[in-house]
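Single-structure report; data block below.
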Amino acid sequence: KQQMEDYFRQASQSISTDTTKNSKSVPLEELEQALDEGNFVLHYQPKMSMQTGKLSGVEALVRLRRGERDIIFPGDFIPQCEQNGLIDRLSYEVVQLAATQQQRWMELGLDTKVSVNLSAVSFDNDQFSQDVLDLIQQSKIDTEHMIFEVTESEVITDMAKALSILTRLRLSGCGLSIDDFGTGHSSVKQLTQIPFTELKVDRSLIEGIASKKHLQVIFESTLSMCNKLGLSIVAEGIEKKEDWDYLKRNGCHVGQGYYYAPPMPESDLLGWWQAGMPALT
Ligand code: C2E
Ligand code: MG
Ligand code: MG
Ligand code: MG
């Protein structure tokens, strides 16, 4: 219990950190060394199909392991990786780890999709998508089991290029998810241009939805848009039972958040699945 509380506190501090004035940033040498030595690990958070109670998939979230006990959250190193040309290597590593893990779970009977977060910075590099596609082809994962999440608010500098890369990933069979929806600017335009399969409503539009009328209105219209566009809608960061119940009652497709289950190391995720996927709160 204490361990889980510590985890939540650490995680939420990491998220609330303004990355532009981040004082906890990890030295570049440590990041390069971590890539060389395999010190990046993935935790996996369940995405629950709200209407059926089935597992819709798991989201891979990267952590940096430092020493025996410490783990560093992505808010403290993704920006440096983006600024120092390391992000493509990191993303490649994450896709590889996630694809391998998905195969291991499949062998154990856990048939699940896995989502990986990509940085918009990588869309400036045509080679990156080719490398990722080659990697997926080489690994045994079925492309239908891989979803790429792209944060809406991140600046896509070259829209034509990003569009061609994302379309290639989609055509190969992978799912495409628009992450943190509601926090960016050109969202609605991008929705019609990029072949997304999923939309994740940002936590800021979910927290307190059971009692906040304006959030309900935004959610209802986003759901209606998703239903018409054939997109799966995911509510992220659900922490409270009343919010979970509200979203379920009002037709939300998929729910994710500490209320149901936090990100977990692969062995815990497997144990949780074997235990019948109970809500962990
Ligand atoms: P995201 O993709 O929107 O992921 C959701 C974040 O919210 C995760 O934080 C997750 O641990 C946290 N979270 C989940 N449920 C709850 C909840 O109920 N309440 C609260 N307060 N938080 C919740 P995390 O793991 O620290 O990741 C932060 C962001 O870092 C991610 O946001 C994603 O944009 C980025 N990120 C994570 N892994 C990767 C990666 O492998 N590559 C890239 N490029 N970015 C990554
Ligand atoms: Mg995500
Ligand atoms: Mg994000
Ligand atoms: Mg998100």
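For this structure, a couple of remarks:
- Using bins of 5 Å that start at zero, the share of Cα-Cα pairs per bin across segment 41-133 amounts to 3, 12, 20, 21, 19, 14, 9, 3, 0, in whole %.
- Mean sequence separation of contacting Cα pairs (under 8 Å, at least six apart), scaled by the length of the chain, corresponds to a relative contact order of 17 percent.
- For segment 126-208: Kirkwood Rh in Å [reciprocal of mean 1/r, alpha carbons]: 13.5 Å
- Model label zone, residue 106; criterion: amide N under 12 Å from point 7 Å along Cα-to-beta-carbon; scope segment 130-168: 136-146
- Evaluated with a Cβ-only charge set (Lys, Arg +1; Asp, Glu -1), the chain carries a dipole of roughly 1020 debye about its Cα centre, given to the nearest 20.
- Mean Kyte hydropathy of -1.0 or more with a Cα span along the axis of at least 18 Å, helices from DSSP in the chain: 87-107, 126-138, 213-229
- Pairs of Cα atoms nearer than 8 Å and 6+ residues apart set the relative contact order; for segment 55-171 it is 27 percent.
- Virtual spin-label span in nm between residue 51 and residue 124, 7 Å along Cα→Cβ: 4.2 nm
- Value of [θ]222 nm, deg cm²/dmol, for the chain, DSSP H segments ≥ 4, -39500 (n - 2.57) each, nearest 500: -13500 deg cm²/dmol
- Gyration tensor (Cα) of segment 154-281, equivalent ellipsoid semi-axes in angstrom: 27, 20, 12
- In this structure, the residue pairs whose Cα-Cα separation is over 22 Å, taken from 113/228; 200/228; 140/161; 213/240; 213/241, are 113/228; 140/161.
- A Förster radius of 25 Å combined with the Cβ-Cβ distance from residue 30 to residue 157 puts the calculated FRET efficiency at roughly 0.35.
- Net lengthening on full extension, residue 137/residue 220 (0.36 nm per residue, minus Cα-Cα): 26.0 nm
- Largest-first principal axis extents, alpha carbons of the chain, Å: 47, 47, 43
- Percent accessible area from carbon and sulfur atoms, the chain, protein chains only, probe 1.4 Å: 50 percent
- Each of 120, 87, 275 was scored by the projection of its Cα onto the charge dipole of the chain, and the greatest displacement toward the positive side belongs to 275; charges sit on the C-beta of Lys, Arg, Asp and Glu.
- Residue-normalised accessible area of segment 165-281, given per residue in Å² at a 1.4 Å probe: 45 Å²
The values are calculated or read from the model by the stated rules, or taken from the named source; none is laboratory data. Just so we're clear, the structure is a prediction, and the values are computed from it rather than from any experiment. Positions of Cβ are generated from backbone atoms using ideal geometry, with glycine treated the same way; all protein chains shown enter the neighbour counts. We work out accessible area using only protein heavy atoms, side chains counted, and drop any ligands, DNA or RNA first. Shrake-Rupley method; radii C 1.70, N 1.55, O 1.52, S 1.80 Å.
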